[in-house]
Every structure is written in structure tokens, then in C-alpha cells.
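*Asks:* Would you mind keeping the following structure in view while I ask a few things?
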Amino acid sequence: MGLYTSEIERRRTFAIISHPDAGKTTLTEKLLLFGGAIHVAGAVKSNKIKKTATSDWMEIEKQRGISVATSVMAFDYADHKINILDTPGHQDFAEDTFRTLTAVDSVIIVIDVAKGVEAQTRKLMEVCRMRKTPVIVFINKMDRDGKDPFDLLDEIEEELRIKVRPLSWPIDMGQRFRGVYNLYEEKLNLYTPSKQYVTENVEFKDINSPELERYIEPAQAEKLREDIELIEGVYSDFDVATYLSGDVAPVFFGSALNNFGVKELLDCFIQIAPSPRPVQAIERVVDPNEDHFTGFVFKIHANMDPNHRSCIAFVKICSGRFERNANYKHVRFNKMMRFSSPTAFMAQKKEVVDEAYAGDIVGLPDTGNFKIGDTLTAGEELHFKGLPSFSPEMFKYIENADPMKSKQLNKGIEQLMDEGVAQLFVSQFNGRKIIGTVGQLQFEVIQYRLLHEYGAQCRWEPIHLYKACWIESDNPAALENFKKRKTQYMATDKEGRDVYLADSNYVLTMAQQDFPDIRFHFTSEF
């Protein structure tokens, strides 16, 4: 038992992931509503209510109606401390989401009942599977017509390659949606669309009792009984251990917009979801209950407050307790540092905290000391691993459009790249700067933020490239030879490593065949 075990056991740190438009932001907001963290529903979309905290707060997000940056929100509920990491659903920001998944202990996946499993969700699920992260599925928008629930469960099993077990079951859908039967608590939750809040919960142990017809139409009652009989027949009983090992995903149905089915999800979640789990470092496995503090930076965000040009490094605490003003070791710099104003977040509203425990996320004001993946400890040499940068697939030259502002431009590029929005390569051939991203939208975001946050104007110029790969070799002569032959396509990344920018799939394949001594990597984690 560690000194802080009881605090750490109360922690639940998770991410909500989904395809754009499946209702992730709405669900996040309803969870915050239950936690008493916000008081008006619908605050995310409407600009009338300026006073409420919301998770989509960057200017460009308000205009495009999408979440771009990962926000961190914390609240207390039923004696548990809950940390939600809201992730961008938009695929151009997948990399940000992948990194966020390294900082959570479990995941809730939101799926739109009409659209089913979409490509983005599949990709994110692969990361969860790789890391054996426990997953709960919330099927949203039951107040609209969609796919048959059984077909949907089959689709989830097939597409996400995970077994499922429904813990609630819908009574019809769309216009005729009457609510859900909560299998986990054996309750009937009835739905009334006009109200802001969940209507009645009826304890209902025996679903075969004729009482049921008092609440829902006979045909619906009949169907519900058949469905549940089928569920009990097809799916084995829910077992928490199989959920925790990442083998089975419990499924809930509801409508986040109408705040229906959300409380059931939350109540079950705090009971079964894991508290902070051990984290694998290169040197050893770190247990959350150890007394000494350890943590790593999984995200850096420039300009959370436009009035102060500061970055914030988000640190996931892996073990022990973090204290304000204590001395901690920055492993990469090999020096001790102290932090006088660490913050905790409620979306954009942040407050200085005196202490935080394993499972929490703290923000440290950063003046360029941190990179993604940096480790902080109470003094031990530790390196947490597994924060990859992926190989970009879209490239443009970035040029200064206002010669008077080149200093601002360089500073802006440097800070935004540290944030992991995109990657910067400098051509070894002509010294020009090339920005590589995973999606088109990131170029707009970079241009917009350079202008609005740094007062710098950039211009994009086309460059035709297929993929960036990091290269290394045990044979220095072969490496030199390769770099000579490919002079025009060699660049360095911001760590100064060699990167080969292939201009087509064919050329890349040929290079891999022609230079057997060279290893080509498609993530920077090697």
C-alpha cells in the first residue's frame, strides 16, 4: 500500500473518442452537467452563453464546429474524481488523439446509431487494442432512426474486433423511442423527449410481469422481452475482468443531446472502470501507488490564454503525488526544476493546484523546456515510451509573407511544432522549411494561428512528396551513399535526425530494395 492509495483509487481517467458528429462533445458536456461542473446544457454550440465552460474553445473550433485541441476536464462525482480527456474527432488530428490515448486508463467510444462504425473509430480502436485499454461503447442518437441494435452489435464486433455485451437495451427508436431497459441495474428508464432531464426510473426486476404494459405499449413490451431473452441466450454474463483486460466492451444506448442514458453510463462507469494502472517505462514498470512522483508530457498547447503568450505542457501523473513548488527532475535536461503555478483544468477555466495524484493531468506553464514525451520524476532516471510521431502524408513549403515579421513567424512555427500539430523538416538541399501534416485542415489551422496568435503571415507553396521516413543504418558508408544519391530528397527533423522525403510510393519501394542496409521508419518512435 502506498501513502496515497486511497486518493489514487478514486481516480478515473478516460478519453472519449468518436467519429466527427457522433456526439462526443455533447456527451462530454452532459457528463460535466452531472458533475456539477457546468450548469447550462447546450453551452457548447451557442455563443449566447459566454459564461459557461465548454470544451471547444479555440477560435477556429468555434468557426468550424469541430474539436481540434484535446481538452482536459476534471470533476467530482459520487466520491470519485473523474478526468475526461476530450479528443479531436476530426481525422486530420488523429495524431493528437493517439497521444492522448497514452495518457488514459480507459476509453468511451461514441457511435451514431444511424451511421454505425466509421473509419476513424476503427483506427482509434486499433490503438486501444494495442495498449489493451478497456473500452465502453455508447450508442448515441437513439431518438433518431438508425440501424437495428442487434445488427449494430454485430458490426461493432466485426469492425472493432472486440466482443460486446449490452448493459442496456433500447425500446424502439426514432419517433417511437420509449427508453431503455438497464440490464446492469435491472431498471426501466423511460424517455420523455420534451424535458431537460431524465424522466422516470422504474425498478423492474421481473421483465415478464404484466406491469410492464403499464409503461410501454404491448407490442413494444413483447419485443423487449424477446430481445432480452435473445441477449441472455447469445451473450455470456457480463464479467468485469474481461472488460478490464480489454476483451469485452459493455454497450449502452441513449441520446446525449436529450441527456438520456448518460447517467446510467456514468454510474456503471465509476463502478467498473479501472483506477490508474501501471505504466511501462523503458527501465521498469511504474506502479501508480509508489510514493515517488513520476509523470510524462503527452501534449503541449501553445496560447491557451491569448493574452499571455505561454505554452502549457500537459503532464500525466503516473505515480505518487505531485506537489506545487517541489523539486522534480527533468530527465532529458538532467536538471531539477520547480513549478510554482501548476494548473488543473475545467476546459478553459484553469486553477492553480497545490497537489495532484496518479491519474490526474496537470498543466505546467512552459517557456520552451518541454517536448512531447519528456519525463519528470522525483529524481529517478526514467523514460516513458510510446509517444509516436507518425509519418506525415501531406507536405507544403512554408514561406514568410511579411518580411518584417520573420522573427514572429519562426517563433510561431517552433511553438506550434513543439505542440505536435504538425512536423517541420528542413531540406538539406535548399534549406527551405517544409511542413508535414496528416491532413489538409492542419495547414489552415497553422496559418490561422500564426496570424492570430503570433501576428505572422505565412504562405504555402506546393511540393510534391509522398511520405516522410526516418532513416538509419549500422553502415556509415551506406548511409553516406544513400544521402548523396538522394540529396534532393533529404531533410532533417527538429531533433536533427535524417529524414528521407520520398516523392512516390514506387520510388520509396525501389529505395528500400536498392539500399538493403538502410532501415526506413514510419514513426519517430524507434
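*Asks:* Hey, does segment 488-499 have a residue that's of a type in the set (Asp, Glu), in contact (Cβ under 8 Å) with a residue 40 or more places away in the chain, in contact with a strand residue (DSSP E or B) (Cβ under 6 Å, 6 or more places away or on another chain) and open to solvent by 10 Å² or more (accessible area, probe 1.4 Å)?
*Replies:* Going residue by residue through segment 488-499, those that are of a type in the set (Asp, Glu) are 493, 495, 498.
Narrowing the set further to residues that are in contact (Cβ under 8 Å) with a residue 40 or more places away in the chain leaves 493.
Cutting the leftovers down to in contact with a strand residue (DSSP E or B) (Cβ under 6 Å, 6 or more places away or on another chain) gives us 493.
From what's left, open to solvent by 10 Å² or more (accessible area, probe 1.4 Å): 493.
Within segment 488-499, one or more residues are of a type in the set (Asp, Glu), in contact (Cβ under 8 Å) with a residue 40 or more places away in the chain, in contact with a strand residue (DSSP E or B) (Cβ under 6 Å, 6 or more places away or on another chain) and open to solvent by 10 Å² or more (accessible area, probe 1.4 Å).
*Asks:* When you go through Leu364, Leu376 one by one, which is the residue that is touching a Gly at 6+ places or on another chain (Cβ under 7 Å), modelled with pLDDT of 85 or more, open to solvent by less than 20 Å² (accessible area, probe 1.4 Å) and not aromatic (Phe, Trp, Tyr)?
*Replies:* Details: Leu364 fails: touching a Gly at 6+ places or on another chain (Cβ under 7 Å).
Criteria check complete, one pass: Leu376.
*Asks:* Right, next: Of the conditions (1) hydrophobic (A, V, I, L, M, F, W, C); (2) open to solvent by less than 10 Å² (accessible area, probe 1.4 Å); (3) at pLDDT below 90, Phe293 fails just one. Which one is it?
*Replies:* Just one mismatch for Phe293, condition (3).
*Asks:* Okay, moving on. Does Gly233 satisfy being modelled with pLDDT under 90, in a helix (DSSP H, G or I) and open to solvent by 10 Å² or more (accessible area, probe 1.4 Å)?
*Replies:* Working: modelled with pLDDT under 90: yes; in a helix (DSSP H, G or I): yes; open to solvent by 10 Å² or more (accessible area, probe 1.4 Å): yes.
Here the answer is yes, as Gly233 does meet what is asked.
*Asks:* So Ala114 passes all but one of these: (1) at pLDDT 80 or above; (2) in a loop (DSSP other than H, G, I, E, B); (3) touching a strand residue (DSSP E or B) at 6+ places or on another chain (Cβ under 6 Å). Which condition number does it fail?
*Replies:* Exception for Ala114: condition (3).
*Asks:* Name the residues in segment 473-494 that are of a type outside the set (Ser, Thr, Tyr) and within 31 Å of the chain's Cα centre (by Cα), would you? Even if it seems obvious, please write down each step before you answer.
*Replies:* The initial filter retains those residues of segment 473-494 that are of a type outside the set (Ser, Thr, Tyr), namely 474-486, 488, 490-491, 493-494.
Passing the criteria: Ala491, Asp493, Lys494.
*Asks:* For Glu461, which of the numbered conditions (1) surrounded by fewer than 19 Cβ atoms within 10 Å (Cβ to Cβ); (2) part of a helix (DSSP H, G or I); (3) among the charged types (D, E, K, R) fails to hold?
*Replies:* Condition not satisfied by Glu461: (2).
*Asks:* How many residues, within segment 324-338, are over 15 Å from Phe296 (Cα atoms) and open to solvent by less than 80 Å² (accessible area, probe 1.4 Å)?
*Replies:* Final tally of qualifying residues: 2.
*Asks:* Here are some residues: Arg165, Arg178. Which one is modelled with pLDDT of 80 or more and within 24 Å of Glu29 (Cα to Cα)?
*Replies:* Details: Arg165 fails: within 24 Å of Glu29 (Cα to Cα).
One residue alone meets the criteria, Arg178.
*Asks:* Quick one: would you say Leu382 is surrounded by 22 or more Cβ atoms within 10 Å (Cβ to Cβ) and part of a loop (DSSP other than H, G, I, E, B)? Steps first, please.
*Replies:* Working: surrounded by 22 or more Cβ atoms within 10 Å (Cβ to Cβ): yes; part of a loop (DSSP other than H, G, I, E, B): yes.
It is true that Leu382 is surrounded by 22 or more Cβ atoms within 10 Å (Cβ to Cβ) and part of a loop (DSSP other than H, G, I, E, B).
*Asks:* In segment 488-507, what residues are of a type in the set (Ser, Thr, Tyr) and farther than 10 Å from Tyr466 by Cα?
*Replies:* So the first thing to find is which residues in segment 488-507 are of a type in the set (Ser, Thr, Tyr), and the list is 489, 492, 500, 504, 506.
Of everything in segment 488-507, those that are of a type in the set (Ser, Thr, Tyr) and farther than 10 Å from Tyr466 by Cα turn out to be Tyr489, Thr492, Tyr500.
*Asks:* Within the bounds of segment 339-346, is there any residue that is crowded, with 16+ Cβ neighbours inside 10 Å and touching an Asp or Glu at 6+ places or on another chain (Cβ under 8 Å)? Steps first, answer last, please.
*Replies:* Let us first name the residues in segment 339-346 that are crowded, with 16+ Cβ neighbours inside 10 Å, namely 339, 342-346.
Checking which are touching an Asp or Glu at 6+ places or on another chain (Cβ under 8 Å) leaves us with 343-344.
Scanning segment 339-346, I find at least one residue that is crowded, with 16+ Cβ neighbours inside 10 Å and touching an Asp or Glu at 6+ places or on another chain (Cβ under 8 Å), so the answer is yes.
*Asks:* For segment 155-184, enumerate the residues that are open to solvent by less than 60 Å² (accessible area, probe 1.4 Å) and among the polar types (S, T, N, Q).
*Replies:* Those that are open to solvent by less than 60 Å² (accessible area, probe 1.4 Å) and among the polar types (S, T, N, Q): Ser168, Asn182.
*Asks:* While we're on this one: List the residue pairs whose Cβ atoms are under 7 Å apart, where the first residue sits in segment 102-116 and is of a type in the set (Phe, Trp, Tyr), the second is at pLDDT 90 or above, and the two are 6 or more positions apart or on different chains.
*Replies:* none
The values are calculated or read from the model by the stated rules, or taken from the named source; none is laboratory data. Everything quoted here is computed from the prediction, not taken from an experiment. All Cβ positions, even for glycine, are placed from backbone atoms using ideal geometry, and neighbour counts span all protein chains on display. The area values use the complete protein model at the heavy-atom level, side chains included, leaving out ligands, DNA and RNA. Shrake-Rupley method; radii C 1.70, N 1.55, O 1.52, S 1.80 Å.
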